[in-house]
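The values are calculated or read from the model by the stated rules, or taken from the named source; none is laboratory data. Just so it is clear, the structure is predicted and the values come from calculations on it, not from any experiment. As a convention, Cβ positions derive from the backbone with ideal geometry for all residues, glycine included, and neighbour counts pool all protein chains shown. Side chains included, ligands, DNA and RNA excluded: accessible areas come from the protein's heavy atoms. Shrake-Rupley method; radii C 1.70, N 1.55, O 1.52, S 1.80 Å.
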Amino acid sequence: MNKQQQQVIHIPPNPPVSPTHQPTEKVYAALIEPKHANTIIRRLNQIAPLQNLQHLKRIQKKQLQGGKPELYVVLCLASENETQSNRMPPDVEDIVNSYHLTPFITEVNKYAALSKEEWEEQCKLWPTSYHPPTYNIPGITGFSEEDSKAVFNFMKSTVELAKSGDHLIVNAAMIVDPLVGQIIASACDEVCSWHMGTSKAKTETCDFKQLEGFTSHDDANVTAKDIAFLSNGSANNLQQCYKAVSCLNPWWFAQQSFHSSPCYCHPLRHAAIVAIEASAARDRHLFPGSGHNEKSYGVDCNSSSSGSLAKRQRVDLENVKNRGEQDANTEGSNSLGRPYLCTGYDIYLIWEPCAMCAMALVHQRIRRIFYALPNPETGALGSVHRLQGEKSLNHHYAVFRVVMPELEFPVER
């Protein structure tokens, strides 16, 4: 196992855009002597402030081959139709003449970067500043070695949960309380199963090989290679089994005939949804008698003002830290406050969730989502859509892809 290849990659709310595809603004710039840099910048900030380009750094530093640095400064804005022959503001011209500068027109990014990846692309054009989102969720700026190890361990546990007999491939979900390192709930896809709908998260699922309707997909070879680590079967069998993954093929159930089978079919019981249900059942068990309107929730259900958002999402930190102790003694005191939905929790998934699951996790106030494999056709968190970047939503989580190459090779080829 090559641990150096393991990665936890942040999926930003918006896809990174090349500077050539971002709106740009024309500015006057010039090469200056390093010893004059502070004086020139102070003066320019007074007479030609970059009010609408506050993300732009005034100085660009280039390192020459011999080791000597070159400094370029943004003098002032230039209109779209201006050329080098046009006159600059008189005060700026005074600086140009005083320091014998040779101004030229260049382009810089007009808007601030929305992600670290976009910022890196912007800096190839001209240095800009990047400020991470105000919801400073741990992991967006990187993970410590200890946190990375925990992420990999939880993902491995999710992979084990997804393994099934008879080469059946299903998605798996695991909800985790990161503060105490405790698994809150876990589940697999239950779109089709032998049981008739119970509240249990772990149930025996139907053998999809007995059902009809499997056909070869154009991308079956690629998908089989990605998911082969979940089974000891051959790649040929995997090509047939991956269609049972609900988020990859949410309409698969509609193509099947169940009238002659004892299978129970429910199109909404994706792994994430079942795990959410199991988490709610756990709360009801640990906090009997707790209602949604009780103060122990820390929720103002009747308030609709924007100022109540933080209150609706508030969780008692002491209650969270004591969940592990209470789980060990479920018959103990129930005086601890019931958590509000899944606030502060993380969820681990094998596949990137579809739009239904991703939106359900918004409503549950999940803090972070980790998935191992992309969902190229229906993925809602990077592949097709980026729900985490939808500004109209009242909750935003951070999304990460966990790359574990040692798990992605089929046993048989």
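Couple of notes before you dig in:
- Taking the numbered list (1) under 24 Å from HIS55 (Cα atoms); (2) aromatic (Phe, Trp, Tyr); (3) at pLDDT 90 or above in turn, TYR135 passes all entries but (3).
- Inter-residue pairs, beta-carbon under 6 Å, first within 15 Å of MET88 (Cα to Cα) and in the stretch 26-51, second of a type in the set (Gly, Ala, Ser), 6+ apart: LYS26/ALA78; VAL27/ALA78; TYR28/ALA78
- Subset of the stretch 49-83 that is charged (D, E, K, R) and open to solvent by 60 Å² or more (accessible area, probe 1.4 Å) - its residue that is farthest from VAL108 (Cα to Cα): LYS68
- Every residue from the stretch 357-389 that is out of contact with any Ser or Thr (no Cβ under 6 Å at 6 or more places or on another chain), in contact (Cβ under 8 Å) with a residue 24 or more places away in the chain and in a loop (DSSP other than H, G, I, E, B): GLN364, ILE366, ARG367, GLU377, THR378, GLY379, ALA380, GLY382, SER383, HIS385
- Beta carbons closer than 6 Å, at least 6 apart along the sequence or on distinct chains, pair a first residue in the stretch 95-107 that is within 7 Å of ALA30 (Cβ to Cβ) with a second that is part of a helix (DSSP H, G or I) for PRO103/VAL96.
- Scanning the stretch 380-396 for residues that are within 26 Å of LYS149 (Cα to Cα), open to solvent by less than 40 Å² (accessible area, probe 1.4 Å) and out of contact with any helix residue (DSSP H, G or I) (no Cβ under 6 Å at 6 or more places or on another chain) turns up GLY382, GLN388.
- Taking the criterion of being modelled with pLDDT of 95 or more and open to solvent by 30 Å² or more (accessible area, probe 1.4 Å), the only residue of the stretch 154-177 that qualifies is PHE154.
- Being among the polar types (S, T, N, Q), assigned to a strand (DSSP E or B), within 36 Å of the chain's Cα centre (by Cα) and at pLDDT 90 or above holds for only one residue in GLN60, GLN54, and it is GLN60.
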